[in-house]
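K.L.:
Encoded as structure tokens, here's the structure I'll be asking about.
The values are calculated or read from the model by the stated rules, or taken from the named source; none is laboratory data. For clarity, every value in this text was computed on a predicted model and none was experimentally measured. Note that each Cβ is placed from the backbone with ideal geometry, even for glycine, and that neighbours are counted across all protein chains shown.
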Amino acid sequence: MAGEKRPWEAFRRPGTEKLTVPQMPVYDILRGTAESHPNLLALAFYEHEITYRALWVDVCRMANALLTLGLQPDDRVMLMLPNSPAYVVAYYGILRAGGIVTQVNPLYVERELQYIATDSQARFLIVADALYDRVRRLPESTAIEQVIVAELSGAQTDARALRLRELLEASPEVDPPSQRTPEDTAVLQYTGGTTGLPKGAMLTHRNLVANAWQSGGEAPQPGASRVLAILPFFHVFGMLVLNISVKHAARIVLLPRFEIDRVMDAIRDHQITDFPGVPTMYVAVLNYPNAEAYGIGSIRSLSAGGAAMPVEVMETFVDKFGAEISEGYGLTEASPATHANPTHDPTLRKPGSIGIPLPFTDARIVDLETGTRTLPPGEVGELCIQGPQVMQGYWHRPEETRAALRDGWLYTGDIARMDEDGYFYIVDRKKDMIIVSGNNVYPREIEEVLYEHPAVLEAAVIGVPDPYKGEVPKAFISLRPGARLTEEEVLVHLRAQLAPFKLPKAVEFRGELPKSAVGKLLRRELAAQERERRNRDEGTHKGA
């Protein structure tokens with residue numbers, strides 16, 4: 001497509017062709033805002049408030065503390081914190097010291113943490129005090145040398161752990177001498193890709209800065225935006241929201257978890273203007289009693305990501321509150337955003353579409369057979385992306401990197417089509433992946449834990465629709481001859497080794513699971529049978 005005029009260019013905001021992306025490391029986004037607007041409120045965390053000047057001082061102290069502990073350029077630092085001031089200080093502080101942020105979901109259990117620590121060879125771990133019990137044994141079996149605890153809940157730890165607040169208080173606030181270039185790796189963002197065990201997408205400073213400028217739109221007046229930060233920052237979408245909010249000198253209202261009562265109180269108390277979320281969050285707001293009384297009208301921007309947004313939810317939100325949701329698309333390997341519906345003109349939005357490519361981003365649909373032939377509008381194939389937000393590759397995974405990055409294009413594994421106007425539509429997702437409330441869940445990981453149970457002969461996991469979470473896993477199991485097992489016993493086995501959002505909602509026992517001619521378990525056959533059963537059940541209910 002090189003040299004061709006893209007059809008979507010006619011729908012971009014006027015002036016985006018003049019947009020430029022600064023060549024700087026990620027932490028300079030915060031430094032620039034702190035220098036320009038030092039007294040603006042940066043973070044609101046319950047009764048605590050922090051200005052941009054105070055935030056940058058703490059970031060410098062964090063960086064100096066890590067350097068004193070011996071952090072070297074490109075050392076990986078595992079970051080296992082909920083949304084909180086401690087997360088923001090640690091995130092930018094690691095980057096300022098020259099380290100690589102290695103994101104960790106706070107819901108992970110010891111088995112999952114062990115894998116990421118071993119794969120990344122992280123030397124440091126920053127963790128919330130309430131989660132310390134899950135990580136205290138990691139230094140004995142991994143490269144982790146030091147655990148730093150952020151005291152958020154008052155939970156007890158032990159003498160081996162350093163206290164984050166004590167480190168900050170003992171460190172100088174001067175800007176440290178270490179420097180990073182835009183091409184240096186900033187973040188290891190773990191993703192399962194299309195199948196298999198998680199692998200670290202290497203996102204550079206340039207990737208993250210570019211995506212903040214591509215996705216941030218027109219900057220409002222400094223301090224005018226009040227962003228509800230409920231999307232977890234350890235998720236690549238939440239991390240983007242953080243960087244954009246800092247770029248815009250916004251007030252970032254932090255909530256560590258989605259609790260609908262606290263969300264509605266925050267909307268009312270802070271007159272939230274920007275509410276980035278996933279579809280399940282908007283469904284909860286829609287169904288909240290007397291939601292209009294909480295000042296929903298102050299919200300001017302609702303951006304959905306992480307999972308497909310049902311058109312019905314979007315239309316209901318518009319009818320009830322007058323606010324519009326702009327649906328987009330992204331993936332971990334692209335930092336993450338690549339597409340969005342135009343926001344400058346509501347008449348240009350196409351419900352059900354992921355929109356058009358962001359500035360500096362090219363996209364095409366290629367044939368599924370060879371991946372080399374660009375398809376015309378209307379034809380279905382694999383979505384490929386090109387742009388400054390595309391990752392360097394997968395950490396220590398050269399073969400998988402070559403499969404994903406070919407001739408300058410990122411092959412997403414998502415099946416899509418483009419219409420005549422250049423708007424893109426996702427037809428299907430990465431094979432077998434399940435999205436639970438915006439979290440990627442990979443069947444193979446659940447299946448491997450199921451196979452560890454002595455009673456299990458065969459196991460397969462698929463995604464099934466859920467009215468609230470979008471999808472949830474369902475497990476199909478055949479037992480060894482003579483073995484007995486209940487659904488509750490299966491779930492007890494899984495709970496010890498998997499995060500809660502990965503647990504199947506249902507377990508179905510079968511004498512035999514469907515297989516191909518060569519003996520491969522057929523998830524697609526199970527999914528087809530499940531769809532047929534649901535259609536039959538819905539027909540029965542309608543006829544009753």
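K.L.:
So, of the residues in the range 459-512 that are under 21 Å from ASN439 (Cβ atoms) and basic (Lys, Arg), which turns out to be surrounded by the fewest Cβ atoms within 10 Å (Cβ to Cβ)?
P.N.:
Looking at residues that are under 21 Å from ASN439 (Cβ atoms) and basic (Lys, Arg), I get ARG495.
K.L.:
For the range 204-224, state whether one or more residues are farther than 25 Å from ARG13 by Cβ and modelled with pLDDT of 95 or more. Outline the logic, then answer.
P.N.:
Filtering the range 204-224 for residues farther than 25 Å from ARG13 by Cβ gives 204-205.
Narrowing further to those that are modelled with pLDDT of 95 or more: 204-205.
Checking the range 204-224: at least one residue is farther than 25 Å from ARG13 by Cβ and modelled with pLDDT of 95 or more.
K.L.:
Could you check, for the range 488-508, whether at least one of its residues is of a type in the set (S, T, N, Q) and part of a helix (DSSP H, G or I)?
P.N.:
no
K.L.:
Could you tell me whether the range 280-290 includes any residue that is closer than 30 Å to TYR27 by Cα and outside the structural domain of ALA130 (by TED's automatic domain parsing)?
P.N.:
Within the range 280-290 (the criterion being closer than 30 Å to TYR27 by Cα and outside the structural domain of ALA130 (by TED's automatic domain parsing)), the answer is yes, since at least one residue qualifies.
K.L.:
Can you tell me which of PRO22, PRO38, PRO82 is assigned to a loop (DSSP other than H, G, I, E, B) and either more than 26 Å from the chain's Cα centre (by Cα) or among the aromatic types (Phe, Trp, Tyr) (or both)?
P.N.:
Unique residue meeting the criteria: PRO38.
K.L.:
While we're on this one: What number of residues within the range 92-114 are closer than 16 Å to TYR190 by Cα and either modelled with pLDDT of 95 or more or assigned to a loop (DSSP other than H, G, I, E, B) (or both)?
P.N.:
Result for the range 92-114: 12.
K.L.:
Out of LEU67, LEU71, LEU55, which single residue is part of a helix (DSSP H, G or I), modelled with pLDDT of 95 or more and touching a strand residue (DSSP E or B) at 6+ places or on another chain (Cβ under 7 Å)?
P.N.:
So the residue among LEU67, LEU71, LEU55 that is part of a helix (DSSP H, G or I), modelled with pLDDT of 95 or more and touching a strand residue (DSSP E or B) at 6+ places or on another chain (Cβ under 7 Å) is LEU55.
K.L.:
Turning to a different aspect of this structure: Which of (1) within 25 Å of the chain's Cα centre (by Cα); (2) surrounded by fewer than 24 Cβ atoms within 10 Å (Cβ to Cβ); (3) under 19 Å from LEU152 (Cα atoms) does GLY93 not meet, given it meets every other one?
P.N.:
In the conditions (1) within 25 Å of the chain's Cα centre (by Cα); (2) surrounded by fewer than 24 Cβ atoms within 10 Å (Cβ to Cβ); (3) under 19 Å from LEU152 (Cα atoms), GLY93 misses (2) alone.
K.L.:
Here's a follow-up. Looking at MET80, MET24 in this structure, which one is among the hydrophobic types (A, V, I, L, M, F, W, C), modelled with pLDDT of 95 or more and surrounded by fewer than 17 Cβ atoms within 10 Å (Cβ to Cβ)?
P.N.:
The unique qualifying residue is MET24.
K.L.:
Filtering the range 216-229 down to residues that are out of contact with any Asp or Glu (no Cβ under 9 Å at 6 or more places or on another chain) and closer than 23 Å to SER84 by Cα, which residue is surrounded by the most Cβ atoms within 10 Å (Cβ to Cβ)?
P.N.:
ALA229
K.L.:
While we're on this one: So in the range 295-320, with the set limited to residues that are assigned to a helix (DSSP H, G or I) and of a type outside the set (A, V, I, L, M, F, W, C), which one is modelled with the lowest pLDDT?
P.N.:
Only one residue tops the list, namely GLU312.
K.L.:
Let me ask another. May I ask you to verify whether ALA150 is touching a His at 6+ places or on another chain (Cβ under 9 Å) and modelled with pLDDT of 95 or more?
P.N.:
no
K.L.:
If the requirement is being crowded, with 19+ Cβ neighbours inside 10 Å and under 30 Å from the mean Cα position of the chain (by Cα), which of these qualifies: VAL427, VAL436, VAL456?
P.N.:
VAL436
K.L.:
Now a separate question. Residues of the range 8-39 being in contact with a strand residue (DSSP E or B) (Cβ under 9 Å, 6 or more places away or on another chain) and of a type in the set (D, E, K, R), which ones?
P.N.:
GLU9, ARG12 - these are the residues of the range 8-39 that are in contact with a strand residue (DSSP E or B) (Cβ under 9 Å, 6 or more places away or on another chain) and of a type in the set (D, E, K, R).
K.L.:
Among the candidates THR338, THR412, THR401, which residue alone is touching a helix residue (DSSP H, G or I) at 6+ places or on another chain (Cβ under 8 Å) and closer than 25 Å to ALA186 by Cβ? Break it down into steps so the answer makes sense when it comes.
P.N.:
Numbers: THR338 fails: touching a helix residue (DSSP H, G or I) at 6+ places or on another chain (Cβ under 8 Å); THR401 fails: touching a helix residue (DSSP H, G or I) at 6+ places or on another chain (Cβ under 8 Å).
Among THR338, THR412, THR401, only THR412 is touching a helix residue (DSSP H, G or I) at 6+ places or on another chain (Cβ under 8 Å) and closer than 25 Å to ALA186 by Cβ.
K.L.:
Collect the residues in the range 248-274 that are surrounded by fewer than 18 Cβ atoms within 10 Å (Cβ to Cβ) and charged (D, E, K, R), keeping them in residue-number order.
P.N.:
Within the range 248-274, ARG257, GLU259, ASP261, ARG262, ASP265, ARG268, ASP269 qualify.
K.L.:
Now for a different question. Give ALA340, ALA291 a once-over and let me know the one that is over 20 Å from the mean Cα position of the chain (by Cα) and among the small types (Gly, Ala, Ser).
P.N.:
After ruling out the rest, the residue left standing is ALA291.
K.L.:
Something else about it: Examine the range 445-456 for a residue that is part of a strand (DSSP E or B), assigned by TED's automatic domain parsing to the domain that holds PRO504 and more than 21 Å from TYR282 (Cα to Cα), and state whether such a residue exists.
P.N.:
We begin by selecting, within the range 445-456, every residue part of a strand (DSSP E or B); these are 456.
Filter once more, keeping what is assigned by TED's automatic domain parsing to the domain that holds PRO504: 456.
If we keep only those that are more than 21 Å from TYR282 (Cα to Cα) too, we end up with 456.
The answer is yes; a qualifying residue exists.
K.L.:
When you check ALA323 against the structure, is it on the phi > 0 side of the Ramachandran plot, touching a Leu at 6+ places or on another chain (Cβ under 9 Å) and either touching a residue at least 24 places away in the same chain (Cβ under 8 Å) or part of a helix (DSSP H, G or I) (or both), yes or no? Explain how you work it out, then say what you get.
P.N.:
Numbers: on the phi > 0 side of the Ramachandran plot: no; touching a Leu at 6+ places or on another chain (Cβ under 9 Å): yes; either touching a residue at least 24 places away in the same chain (Cβ under 8 Å) or part of a helix (DSSP H, G or I) (or both): yes.
Judged against the criteria, ALA323 is not a match.
K.L.:
Which one of these does GLU292 not meet: (1) assigned to a loop (DSSP other than H, G, I, E, B); (2) over 30 Å from THR412 (Cα atoms)?
P.N.:
Result: GLU292 passes all but (1).
K.L.:
Looking only at the range 343-378, filter to residues that are of a type outside the set (Val, Ile, Thr) and part of a strand (DSSP E or B); which one of those is farthest from ALA404 (Cα to Cα)?
P.N.:
The extreme case among them is GLY355.
K.L.:
Which residue pairs have Cβ atoms closer than 6 Å, lie 6 or more positions apart in sequence or on different chains, and pair a first residue in the range 334-359 that is of a type in the set (Ser, Thr, Tyr) with a second residue that is at pLDDT 95 or above?
P.N.:
SER335/LEU203; SER335/ASN207; SER335/LEU208; SER335/ASN211; SER335/GLN389; THR338/THR361; THR338/ILE385; SER353/TYR423
K.L.:
Go through the range 391-424 and give me each residue that's over 21 Å from the mean Cα position of the chain (by Cα) and free of Cβ contacts under 8 Å to residues at least 40 places away in the same chain.
P.N.:
PRO398, GLU399, ARG402, ALA403, ARG406, ASP407, GLY408
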